[in-house]
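S.K.: First the structure, which I've put down as structure tokens, then a few questions once you've had a look.
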Amino acid sequence: ESQGGQLGGPATKGDYQKVYNAIAEALEKNPEYDDGSYGPVLVRLAWHASGTYDKHSNTGGSNGATMRFAPEANHGANAGLGAARDFMEEIKKQFPWITYADLWTLGGVAAIQEMGGPKIPWRPGRKDGTVEQSPPEGRLPDGDKGPDHLRHIFYKMGFNDQEIVALSGAHALGRCHKDRSGFEGPWTFAPTSFTNEYFNLLVNEKWTQKKWNGPPQFEDKTTKSLMMLMTDLALTQDSSFRKHVQRYAKSEDEFFNDFSAAFSKLLELGVPEENFKAFEAQLEGGRSFKF
Ligand code: CCH
């Protein structure tokens with residue numbers, strides 16, 4: 001029963017706000033987890049659940065939450081996201097009426113907003129799918145590639161160069177884990193704060209290749225404690241990307257506005273518009289969830 005709030009009737013905006021609040025309150029439930037917050041890994045779950053969209057075949061995307069099933073859960077790109085799915089399972093127990101597909105995307109919204117980021121417009125209406133609807137492996141980006149790879153991957157989702165740069169700013173958050181991706185370390189000094197710091201560091205730091213036996217990654221010359229992937233540096237090496245990197249380094253407002261629009265679009269990839277229409281009547285008062 002995908003439609004049915006706390007009392008069994010259609011879910012209202014207040015019902016979704018309760019789910020949002022439960023996620024927000026649990027973000028720092030385990031001080032031992034990474035940098036003290038599940039926020040970053042929840043953002044990554046929302047992104048990987050949505051970024052499988054292919055506009056040519058109109059398959060993949062956030063509708064379906066097919067990462068619940070083994071094939072997609074075991075895709076190399078999704079290593080470590082079990083921590084986020086387990087977190088969400090606890091929320092799902094409290095609100096069994098919400099779909100996983102709505103829950104995981106709302107989790108990304110709550111995490112961004114609670115870590116100090118912009119408001120992200122979000123609508124409910126995603127349905128949970130079957131294992132047969134799982135996307136093939138290989139639709140998410142690899143960290144050891146250049147600008148052409150980024151375009152190949154993100155153009156399939158329907159994004160342009162400006163949106164690619166804006167979305168990449170999410171790497172202000174979180175870190176790479178040796179045992180998940182093979183890469184190691186955070187992009188910024190404040191990995192649980194959503195800021196434009198990623199762009200400042202791209203513009204102002206000198207990045208040199210890290211000497212180690214892991215996959216190719218870069219470290220900042222000043223402290224050697226931060227990292228960038230080849231795909232991150234690709235944004236500074238291509239003029240059509242670089243102008244937006246420079247713009248977002250100068251103006252956190254412009255970054256926040258553009259990130260909000262692009263992330264909201266990401267979270268709706270592959271969801272038929274009629275799914276949203278069915279719920280819109282319930283959502284008097286808009287699409288943003290935050291008191
Ligand atoms: Fe990312 N990302 N990401 N990323 N990502 C990783 C971690 C995070 C790439 C590779 C990696 C986006 C785009 C890209 C987050 C959000 C976004 C990791 C480390 C790799 C590798 C995983 C690990 O070891 O745990 C590549 C390549 C691209 C190319 O564009 C986009 C877009 C978003 C969101 C809008 C977040 C958040 C994390 C941190 C996760 C954590 O657990 O801390």
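S.K.: Can you name the residue in the stretch 9-48 that is over 24 Å from THR66 (Cα atoms) and of a type in the set (Lys, Arg) and is also least open to solvent (accessible area, probe 1.4 Å) among such residues?
M.R.: LYS13
S.K.: Out of (1) out of contact with any helix residue (DSSP H, G or I) (no Cβ under 6 Å at 6 or more places or on another chain); (2) open to solvent by 20 Å² or more (accessible area, probe 1.4 Å); (3) in a helix (DSSP H, G or I), the odd one out for SER260 is which?
M.R.: All conditions pass for SER260, except number (2).
S.K.: Quick one: is GLY182 part of a loop (DSSP other than H, G, I, E, B) and within 9 Å of the ligand (Cβ to nearest atom)?
M.R.: yes
S.K.: Please go through (1) touching a Gly at 6+ places or on another chain (Cβ under 9 Å); (2) surrounded by fewer than 18 Cβ atoms within 10 Å (Cβ to Cβ); (3) not aromatic (Phe, Trp, Tyr) for SER181 and return the number of the only condition it doesn't satisfy.
M.R.: Unmet for SER181, out of (1) touching a Gly at 6+ places or on another chain (Cβ under 9 Å); (2) surrounded by fewer than 18 Cβ atoms within 10 Å (Cβ to Cβ); (3) not aromatic (Phe, Trp, Tyr): (2).
S.K.: Next question, about the same structure. Give the stretch 142-170 a look and list any residue that's under 13 Å from the mean Cα position of the chain (by Cα) and either more than 6 Å from the ligand (Cβ to nearest atom) or surrounded by fewer than 17 Cβ atoms within 10 Å (Cβ to Cβ) (or both), or say none.
M.R.: ILE164, ALA166, GLY169
S.K.: Does any residue in the stretch 44-60 that is in the same structural domain as ARG126 (by TED's automatic domain parsing) and within 21 Å of TRP122 (Cβ to Cβ) come within less than 6 Å, Cβ to Cβ, of a residue that is polar (S, T, N, Q) and within 16 Å of the ligand (Cβ to nearest atom) six or more places away or on a different chain, and which pairs are these?
M.R.: ALA46/THR105; HIS48/ASN78; ALA49/SER62; SER50/SER62; GLY60/THR52
One line per residue, one yes/no per condition, for (1) surrounded by 24 or more Cβ atoms within 10 Å (Cβ to Cβ); (2) among the β-branched types (Val, Ile, Thr); (3) touching a Ser or Thr at 6+ places or on another chain (Cβ under 9 Å):
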position	(1), (2), (3)
PHE69	no, no, yes
ASN78	no, no, no
GLU90	no, no, no
LYS93	no, no, no
ASP102	yes, no, yes
GLY117	yes, no, yes
PRO121	no, no, yes
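S.K.: Here's a follow-up. Given (1) open to solvent by less than 20 Å² (accessible area, probe 1.4 Å); (2) of a type in the set (A, V, I, L, M, F, W, C); (3) more than 11 Å from the ligand (Cβ to nearest atom), identify the lone condition not met by TRP207.
M.R.: Every listed condition holds for TRP207 apart from (1).
S.K.: Output the number of residues of the stretch 147-180 satisfying the condition of being farther than 26 Å from GLY270 by Cα and small (Gly, Ala, Ser).
M.R.: Selection size over the stretch 147-180: 2.
The values are calculated or read from the model by the stated rules, or taken from the named source; none is laboratory data. Everything quoted here is computed from the prediction, not taken from an experiment. Methodologically, a virtual Cβ is constructed for each residue, glycine included, from the backbone with ideal geometry; neighbour enumeration extends over all protein chains shown. These area figures cover heavy atoms from the full protein model, side chains too; ligands, DNA and RNA do not enter into them. Shrake-Rupley method; radii C 1.70, N 1.55, O 1.52, S 1.80 Å.
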